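The structure appears below as structure tokens.
The values are calculated or read from the model by the stated rules, or taken from the named source; none is laboratory data. These numbers come from a predicted model, not from an experiment. Quick reminder, even Gly has a Cβ in these numbers, built from the backbone with ideal geometry, and neighbours come from all protein chains shown. Accessible surface is based on the protein model in full, side chains and every heavy atom, while ligands, DNA and RNA are left aside. Shrake-Rupley method; radii C 1.70, N 1.55, O 1.52, S 1.80 Å.
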Amino acid sequence: MQEAMSDRSPAAIKRRDVHTVSHSELVSLLEELGQPKFRAKQIEEWVWEKNVSNFDDMSNLPKALRATLSEHLTLGGVEEVARQLSNDGSRKYLLRFPDGVCVECVGMPSRNKLAVCASTQAGCAMGCAFCATGASGLTRSLTSGEIYEQVMHVRDDFNARVTSVVLMGQGEPFMNYDATLGALRKLNSPEGAGIGARHLTVSTCGVIPMIKRFANEPEQFTLAISLHSAVQKTRDMLMPGVKKYSLLRLYDMMGEYVDKTGRRPTYEYALIKGVNDTDAELAALCDFCKDNLAHVNIIQLNHVKGSKFLPSSDVRAQEFVRRLGNVGVEATIRNSRGSDIDAACGQLRQNVEAGLV
Ligand code: SF4
């Protein structure tokens, strides 16, 4: 993976998290330990496919090698700090990495499917006005292994295959591009989680240079844009982190993205009462999306305790879908999964810190 490529000497990877060690680095380490190359493949299977948390579980490796490996490497080791269970079957987890940094992720089962929403950063620097995570700033970006581990934690907890992943939890994925792409590739790989590229979605506020880069990646990953308003003034207020990327530039970039990839992007639109659910906002949204390849997800805002923003009405959400349909834009009201469990990102962490969970 990209962030693991800088230093290939075996000495430099001593006690490194194996999730950040590339295949060639692992082979070098094994050579130094007098082991055959095929051991690398065996180890990777235990790490990426079986998600073991102990070298002793790697039963097809000699016992002595398991002990030596644990002197050189760690297995990451994400720890569950708290969880909340929703009546609809969703489970929200607060996970802690070895350095004490915590992130949230969610597992959402439905019929034979299991969707995971994972975080790409601990905290977030984008400062969206309606978001609990944005309110406390960025702690640090996650490695690709840490993004991947969240998905595997959910898989193992449900004991079911993950059928789709959305990187829509804490953080702005495109402010952590290389790790995000590394995680997507591992989630997609048959030697990893084996999830189809079209079922792997990245959600961005609209970091234009990175949308351009993403459009040029060879895989068919899915892109979602958190739009939330097609009126510049409203969007600047709701999403100050992307103020420098105007709606006009975003519009042009998305045209380029569609031309380049032929794929239909999704626009996320969380309806906020009296802010972005007015007739003028609806007309601007229709203008932004019509004549373009677009799918609009209308979301009922999850109310964050203490926030001045309130969800709009169901009637209003239906009106948005109807009017978008009239100008030829497909729109759906997204089922707000886990609305009984602090579903908005950042809320579980805040409640744990406040001793409420
Ligand atoms: S909504 Fe997403 S991008 Fe905006 S502050 Fe929250 S985590 Fe960051």
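Where Lys and Arg each count +1 and Asp and Glu each count -1, what net charge lies around ASN326 among other residues with Cβ under 11 Å from its Cβ?
Taking every Cβ under 11 Å from that of ASN326, the sum is +2.
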Among beta bridges that DSSP assigns inside region 79-353, antiparallel share in %, nearest 5: 45
Along Cα→Cβ, 7 Å out, is where each label goes; now give me the distance between the ones at SER24 and LYS243 in nm to one decimal. 4.4
Taking the Cα centre of region 45-146 as origin, sum charge times position over the Cβ atoms of Lys and Arg (+1) and Asp and Glu (-1), and report the length of that vector in debye to the nearest 20. 300
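Explain nothing, just the number: dipole magnitude of the chain about its Cα centre with +1 on each Lys and Arg Cβ and -1 on each Asp and Glu Cβ, in debye rounded to the nearest 20.
Working: 42 positive and 42 negative charges, 79 e Å.
That gives the chain a dipole magnitude of about 380 debye.
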Most positive-pole-ward Cα, ALA294, PHE214, GLY107, against dipole of region 79-353 from beta carbon charges: ALA294
Loop GluC sites (Glu not before Pro), region 145-218 (other Cβ atoms within 10 Å of the site Cβ: 14 or fewer; DSSP): GLU191
How large is the accessible surface per residue of the chain, computed with a 1.4 Å probe and reported in Å² as a whole number? 44
Give me the extension gain from SER110 to SER136: residue separation times 0.36 nm, minus the current Cα-Cα distance, reported in nm with one decimal. 6.1 nm
Theoretical FRET efficiency, 1/(1+(r/R0)^6), r = Cβ-Cβ of GLN42 and ARG83, R0 25 Å, to 0.05: 0.20
Name the shape class, rounded, prolate or oblate, that the alpha-carbon gyration tensor gives for region 53-112, where a ≥ b ≥ c are the square roots of its eigenvalues, rounded holds for a/c under 1.5, and otherwise prolate holds if a/b is larger than b/c and oblate otherwise. oblate
Accessible area of the chain with a 1.4 Å probe: how many percent of it is carbon plus sulfur? 50
Computed lengthening from ASP157 to SER53, 0.36 nm per intervening residue step minus Cα-Cα distance: 36.1 nm
Report the label-to-label distance for VAL321 and LYS308 in nanometres (one decimal), using points 7 Å from each Cα along the Cα→Cβ vector. 3.1
Gain in span if fully extended, ALA125 to ALA64, counting 0.36 nm per residue against the direct Cα distance: 17.4 nm
Pairs to check: LYS113/LYS186; LYS233/LYS290; LYS212/LYS273; LYS50/LYS113. Give those whose C-alpha atoms are more than 31 Å from each other in this structure. LYS212/LYS273
Over all Cα pairs of the chain, how is the pair count split among 20 Å bins, expressed in % and running from 0 up to the last occupied bin? 29, 55, 15, 1
If one builds a Gaussian network model of the chain from Cα atoms under 10 Å apart, the most fluctuating residue listed among ASP314, ASP236, ASP17 is ASP314
